[in-house]
Amino acid sequence: MSLSRKISSKTISTSVAPRTAAGQSLTIEHVTHRYGPTLAVKEVTLEIMAGEFVALLGPSGCGKTTLLRIIAGFVAQTEGRIVVGGKAIDDLSASRRAVGIVFQNYALFPHMSAAQNIAYGLAAKGKSRAQQKARVAEMLALVKMEEFADRYPRQLSGGQQQRVAVARALAVEPSLLLLDEPFAALDKNLRLDMQIEVKRIQRLAGTTTILVTHDQEEALSMADRVAVLNRGRLEQFAAPTEIYDNPRSLFVNTFVGTSNVLNGLMSVTGSQPVVTLDSGEQLRTRAAAEPIAAGERVVACVRPENLRFATGGDGIAGTVEMSLPLGSAIVHEVRTPSEMSLKVSEQRSAGGEPLAPGAAVTVQAISPDLVNVFRDTSAP
């Protein structure tokens, strides 16, 4: 099944209207960080609005966790500023930054009940017992854990522990809520349930939230905007649909979702670019994000759901090697005479059967506007 279909079926929304944003705006200004000679983050700038839910997405080692730790105050950046609510916080210690954090392992105190865990930060801030009791009750109701108030972490499921961790982080009314891969330890079905629950809680609380994840579905379904990082650099910062439909770089196109990657030469430029593939076929594409001259090496990318089997006209001839029915869709693996492999995804009609291996087909892009083209930076 294509990621776009997964996104459309899993996009997390809630009918609960958010209250006035409790969080603050966050500005990351030209932040760079080095670990000795190693560059972990390079000149990252982000403007995040109060109450917004933003995901930092990228592979291991891309700098997303380092950036989260810089925001939290656990790491002092080499260059740049962190500004919350219009005020620079670089000189503030982690304990003074009004930041709530939910870690991957939740980090609940094992000797404290759920209610005591939630009250911990309130007590540390000097709140009275009456204030603590009222706030804990409010948080337990928010995360729907009232009946588990007296249970200890070992008596709670993974999802219940996560709710307590979120409640503890929100109890002190932080300016920012930071989520460090909080769903990684959950199984798939529970993970989706908790993504919906955390999104609901975030909407109700109105807290500015930053999620670190390497899971593209998680980022695209939960976040208002996604920042895609690669080797410490910001590749693109945009709404999930913009990231998926209009990637600004080859990395974003290939990292987010599934794409057929086709090498060739830019043959025609202008309003209707044409790429001549290495296999000889011609492929019409959308205009590149940056000008590419005729004769330059390029990479054309088209997602499986944006290809179809042609009934006439030009296309790429091939043979079906395998067809995989995935619920409402079928994904076909097509091999061309030049040994190029293409994935084609299509909706499966009721009673529809996969194509038999060896079936001869012709593949076309549904529209040139669904074919992205990038300069081939690996070319000499």
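The values are calculated or read from the model by the stated rules, or taken from the named source; none is laboratory data. The structure presented is a predicted model; accordingly, all values stated were derived computationally and were not measured. Neighbour counts run over all protein chains shown; Cβ positions are idealised from the backbone, glycine included.
Data for the structure
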{"quantity": "Which listed residue is crowded, with 22+ Cβ neighbours inside 10 Å, more than 23 Å from Val84 (Cβ to Cβ) and out of contact with any Phe, Trp or Tyr (no Cβ under 6 Å at 6 or more places or on another chain), from Val252, Val261, Val226, Val212", "calculated": "Val252"}
{"quantity": "Flag for Glu353 being outside the structural domain of Thr241 (by TED's automatic domain parsing), modelled with pLDDT of 90 or more and acidic (Asp, Glu)", "calculated": "no"}
{"quantity": "Ala239, sole failed condition from (1) out of contact with any Phe, Trp or Tyr (no Cβ under 9 Å at 6 or more places or on another chain); (2) surrounded by fewer than 16 Cβ atoms within 10 Å (Cβ to Cβ); (3) not hydroxyl-bearing (Ser, Thr, Tyr); (4) not assigned by TED's automatic domain parsing to the domain that holds Leu68", "calculated": "(4)"}
{"quantity": "Selection within region 90-149 - over 27 Å from Ser25 (Cα atoms) and among the aromatic types (Phe, Trp, Tyr)", "calculated": "Phe109, Phe148"}
{"quantity": "Selection count where residues are touching a Lys or Arg at 6+ places or on another chain (Cβ under 9 Å) and touching a residue at least 60 places away in the same chain (Cβ under 8 Å), scope region 64-105", "calculated": "5"}
{"quantity": "Qualifying strands (runs of 3 or more DSSP E) (wholly inside region 197-243; at least 1 residues being in contact with a Cys (Cβ under 6 Å, 6 or more places away or on another chain) and at pLDDT 95 or above)", "calculated": "225-230"}
{"quantity": "Test: residue in region 298-305 that is surrounded by fewer than 19 Cβ atoms within 10 Å (Cβ to Cβ) and touching a Ser or Thr at 6+ places or on another chain (Cβ under 8 Å)", "calculated": "no"}
{"quantity": "Among (1) of a type outside the set (Val, Ile, Thr); (2) loosely packed, with under 15 Cβ neighbours inside 10 Å; (3) within 20 Å of Leu179 (Cα to Cα), the one test that Glu146 misses", "calculated": "(3)"}
{"quantity": "Those residues of region 103-123 which are surrounded by fewer than 23 Cβ atoms within 10 Å (Cβ to Cβ), of a type in the set (A, V, I, L, M, F, W, C) and under 28 Å from Gly85 (Cβ atoms), in sequence order", "calculated": "Phe103, Ala107, Ala119, Leu122, Ala123"}
{"quantity": "Residue among Ala169, Ala165, Ala184 that is small (Gly, Ala, Ser) and outside any helix (DSSP H, G or I)", "calculated": "Ala184"}
{"quantity": "Selection count, region 163-182, where residues are touching a Lys or Arg at 6+ places or on another chain (Cβ under 7 Å) and surrounded by fewer than 24 Cβ atoms within 10 Å (Cβ to Cβ)", "calculated": "1"}
{"quantity": "Elements of type strands (runs of 3 or more DSSP E) contained in region 282-380, each with 3 or more residues being touching a residue at least 24 places away in the same chain (Cβ under 8 Å) and more than 18 Å from Thr254 (Cβ to Cβ)", "calculated": "316-326, 329-335, 360-365"}
{"quantity": "Some residue of region 93-101 being within 26 Å of the chain's Cα centre (by Cα), surrounded by 13 or more Cβ atoms within 10 Å (Cβ to Cβ) and among the basic types (Lys, Arg)", "calculated": "yes"}
